[in-house]
1. Collect the residues in segment 52-70 that are farther than 18 Å from residue 18 by Cα and not small (Gly, Ala, Ser), keeping them in residue-number order.
2. Of all residues in segment 91-115, count the ones that are assigned to a loop (DSSP other than H, G, I, E, B) and modelled with pLDDT of 95 or more.
3. Need the failing condition index for residue 35 against (1) closer than 18 Å to residue 14 by Cα; (2) part of a loop (DSSP other than H, G, I, E, B); (3) of a type in the set (D, E, K, R), just the number.
4. Anything in segment 80-98 that is under 14 Å from residue 35 (Cβ atoms) and not hydrophobic (A, V, I, L, M, F, W, C)? List them, or say none.
5. How do the pairs read when you match residues in segment 24-47 that are on the phi < 0 side of the Ramachandran plot with residues anywhere that are basic (Lys, Arg) and part of a loop (DSSP other than H, G, I, E, B), using Cβ under 7 Å and keeping only pairs 6 or more apart or on different chains?
6. Give all pairs with beta carbons closer than 7 Å in which a residue from segment 80-109 that is surrounded by 15 or more Cβ atoms within 10 Å (Cβ to Cβ) meets a residue that is small (Gly, Ala, Ser) and at pLDDT 90 or above; count only pairs at least 6 apart in sequence or on separate chains.
7. Out of contact with any helix residue (DSSP H, G or I) (no Cβ under 6 Å at 6 or more places or on another chain), among the polar types (S, T, N, Q) and over 15 Å from residue 77 (Cβ atoms): does that describe residue 61?
8. Just for segment 29-78: of the residues that are aromatic (Phe, Trp, Tyr) and under 25 Å from residue 6 (Cα atoms), which one is surrounded by the most Cβ atoms within 10 Å (Cβ to Cβ)?
Amino acid sequence: MLKKVNLKEQADSLDSLFTYLHVGDLNDHVMHVLKAEDRTLDFQIHEHSDEMFYCIEGRFQIELDDGFVDIEEGDFIVIPKGVRHRPVCKSLVKCLLIERAGTLNKDNTGGAYGG
């Protein structure tokens, strides 16, 4: 039986920041929701996968080599593979991440990704 997923409810269910909650799979991609606040990750490059950030609630920025992109509730951005970037979260944000399975790891999530 297929089931629907309410992204806001899933993000609201998280008890702690920086916990990656697996909410689905799409072909060879995984989908996680998380809550983040007051965190700027190191710059990163994903050589083999694009990465999508969808803002469920709040706002954050993606810093690129040529500046910042403001992401607000309802916005999404696709970071093409090979593009240096980093998320900058100053206030509470709830977001959905979609990337190829195996892209996220402890090194590019500030140690928060558990697999």
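1. Step one: filter segment 52-70 for residues farther than 18 Å from residue 18 by Cα, giving 63-70.
Once the filter is applied, which keeps residues that are farther than 18 Å from residue 18 by Cα and not small (Gly, Ala, Ser), segment 52-70 yields 63, 64, 65, 66, 68, 69, 70.
2. Pass one, segment 91-115, residues assigned to a loop (DSSP other than H, G, I, E, B): 91-92, 101-115.
Next, only the ones that are modelled with pLDDT of 95 or more stay: 91-92.
The number of residues fulfilling the criteria is 2.
3. (2)
4. Restricting attention to segment 80-98, the residues satisfying the condition of being under 14 Å from residue 35 (Cβ atoms) are 87, 89-97.
Across segment 80-98, the qualifying residues are 87, 90, 91, 94.
5. Between residues of segment 24-47 that are on the phi < 0 side of the Ramachandran plot and residues that are basic (Lys, Arg) and part of a loop (DSSP other than H, G, I, E, B), the close pairs are 43/84; 45/84; 46/81; 47/81.
6. Hits for this filter: 89/36; 93/36; 93/58; 94/11; 94/58.
7. Values: out of contact with any helix residue (DSSP H, G or I) (no Cβ under 6 Å at 6 or more places or on another chain): yes; among the polar types (S, T, N, Q): yes; over 15 Å from residue 77 (Cβ atoms): no.
Answer is no for this residue.
8. Let us first name the residues in segment 29-78 that are aromatic (Phe, Trp, Tyr), namely 43, 53-54, 60, 68, 76.
From the residues that got through so far, the ones that are under 25 Å from residue 6 (Cα atoms) too are 53-54, 60, 76.
Details: 53: 21, 54: 19, 60: 25, 76: 12.
Ranking the candidates gives 60 first.
The values are calculated or read from the model by the stated rules, or taken from the named source; none is laboratory data. Note that the structure is a prediction, hence the values are computed from the model and not measured. Virtual Cβ from ideal backbone geometry, glycine too; neighbours counted across all protein chains shown.
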